Amino acid sequence: MKFGGTSMAGTERIRRVANIVRTQAAKGDEVAVVVSAMAGETDRLVTFCREANALYDPAEYDVVVASGEQVTAGLLALTLQAMGCRARSWLGWQVPIRTDDAHASARIEEIDAPALIASMAMGEIAVIPGFQGLTPDGRVTTLGRGGSDTSAVAIAAALKADRCDIYTDVDGVYTTDPRIVARARKLKNVTYEEMLELASVGSKVLQTRSVSLAMKEKVRVQVLSSFVDADAPGADSLPGTMIVSDEEVEELDMERQLITGIAADKNEAKVTLTRVADRPGAVANIFGPLAAANINVDMIIQNIAKDKGETDVTFTVPKADLPRTQALLEERQEAIGFFRMISDDRVAKVSVVGVGMRSHAGVAAIMFKALADRGINVQAISTSEIKISVLIDTDETELAVRVLHSAYGLDAEVEAAGEE
Ligand code: ADP
Ligand code: ASP
Ligand code: MG
């Protein structure tokens, strides 16, 4: 069971969580619980790091930001004990959750937890702070923002758990962020691949890495709400959204929509280099140095050469990396051979995702027409087998998501006010 930041924010909410955990354990299940820091706490700790040292050492950043989860793990163990349950916390180094040494975005390498397993077998509820791990030389790491989801899936895999229930502040995965589109619909099932694409293009309901890990380790994941009444059906009746395999979804959902979900991401910036020489090696000269600097390039468009064998190249990078991108390319203007660099951080990427697109033509055409009808200009396009993304003006993001949500027939029926 994993509980996110909103679910852990304060004594009352932790008591609510403890009740859910107690009910599950009372059924005779062995339970491990992974918790996030209280909502807002990790942001607060990050700010302290920045204030202390703008060029902070990631290893010391990890020491600071990992502490939020230590607090909630201890508090949940205490609350469970107060209810008469046997509970024990296990910090990252105590389990141990071994990671590489990429501080601030470490990857889990191994969880071999005989002591944890033995204590659970004796009836103790294990409470584990999410987000944290341990380097080979014994220092604290964190797994990147939103990383408690990944901790939970990794623990579930290590324990060979029947299920990994991710409790959050919405009751499942929706066709799009229900806080932005009121007509979003809850999905009963979503495939690993779809969830992976949705997470990576902006649906932050699950951390992307947690989904790829679940897919690799075949962990059964359910997303559900911790904000339910005591008499609501329990997690075992699968009230939330199940992440399932392609085969399962075919069995479960014969009448699936063409598109499963829509996501938006405002964290990218667009860069255009004009009049780049149209010859072998030109794009390698642009993207080589960016790769070497660990800057992740996402969408790329290169026009066909105009006169004089020159072309424009447009691409996107994370907004946070825009200053570094600009500096790197300016330094190399002569070597690359471009005329001007134009950058724009007022862009948003809107993506539609669905396995149905594999076997259906015309999915992109619906998207472009719906956007055109609202006068929304498409600045760049990228696709994968089950995803189409467009880059648009950031001011049009919510409108675009809503328009596409209707265009693909995803809107939930809404009862008109005053009827009945
Ligand atoms: P937690 O603190 O529990 O990890 P998060 O804030 O990380 O919670 O994730 C839950 C949030 O994800 C929801 O409140 C919702 O606004 C957002 N979200 C974005 N896209 C979706 C989606 N497609 N379905 C459900 N929630 C989504
Ligand atoms: N507390 C961490 C964060 O806010 C990890 C998590 O909640 O998943 O990013
Ligand atoms: Mg989260």
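The values are calculated or read from the model by the stated rules, or taken from the named source; none is laboratory data. Only a predicted model underlies this, so the values are computations on that prediction, with no experimental measurement involved. To get the accessible areas, we keep the full protein, side chains included, count just its heavy atoms, and leave off ligands, DNA and RNA. Shrake-Rupley method; radii C 1.70, N 1.55, O 1.52, S 1.80 Å.
Residues whose amide H comes within less than 5 Å of that of SER89, counting only those at least five positions distant or on another chain, are VAL127 (H built at 1.01 Å from N in the peptide plane). Build a GNM of the chain with springs between Cα atoms under 10 Å apart, and of GLU331, GLU398, GLU12 the one that fluctuates most is GLU331.
Relative to the longest principal axis of the Cα atoms of the chain, the long axis of helix 148-158 makes an angle of roughly 60 degrees. Quick check on my link table: of LYS186/LYS270; LYS204/LYS319; LYS306/LYS349; LYS204/LYS387; LYS188/LYS369; LYS186/LYS349, which ones sit more than 24 Å apart, alpha carbon to alpha carbon? Going by Cα-Cα distance, LYS186/LYS270; LYS306/LYS349; LYS188/LYS369 fall outside the 24 Å limit.
Ranked from largest to smallest solvent-accessible area, with a 1.4 Å probe on the protein heavy atoms, GLU413, GLU60 come out as GLU413, GLU60. Protein-only accessible surface at a 1.4 angstrom probe places the residues ILE111, ILE128 in the order ILE111, ILE128, largest first. Between the C-alpha center of the stretch 177-247 and that of the stretch 56-109 there is a gap of 24 Å.
From the square roots a ≥ b ≥ c of the eigenvalues of the alpha-carbon gyration tensor of the chain, which class results: rounded (a/c under 1.5), prolate (a/b over b/c), or oblate? Oblate shape, in that a/c is at least 1.5 and b/c is the bigger or equal ratio.
Each residue of the stretch 115-120 was assigned a 3J(HN,Hα) from its phi angle through the Karplus expression (A = 6.51, B = -1.76, C = 1.60, θ = phi - 60°), giving 5, 4, 4, 5, 5, 5 Hz with x at Gly and Pro. Largest to smallest in accessible area, the residues PHE227, PHE339, PHE131 fall in the order PHE339, PHE227, PHE131 (1.4 Å probe, all protein chains included). Taking every alpha-carbon pair under 8 Å whose residues sit at least 6 apart, the chain reaches a relative contact order of 13 percent.
Expressed to the nearest 5 percent, the antiparallel share of DSSP beta bridges inside the chain is 70 percent. Taking each DSSP H run with n ≥ 4 as -39500 (n - 2.57) and averaging over every residue of the chain yields -10000 deg cm²/dmol at 222 nm.
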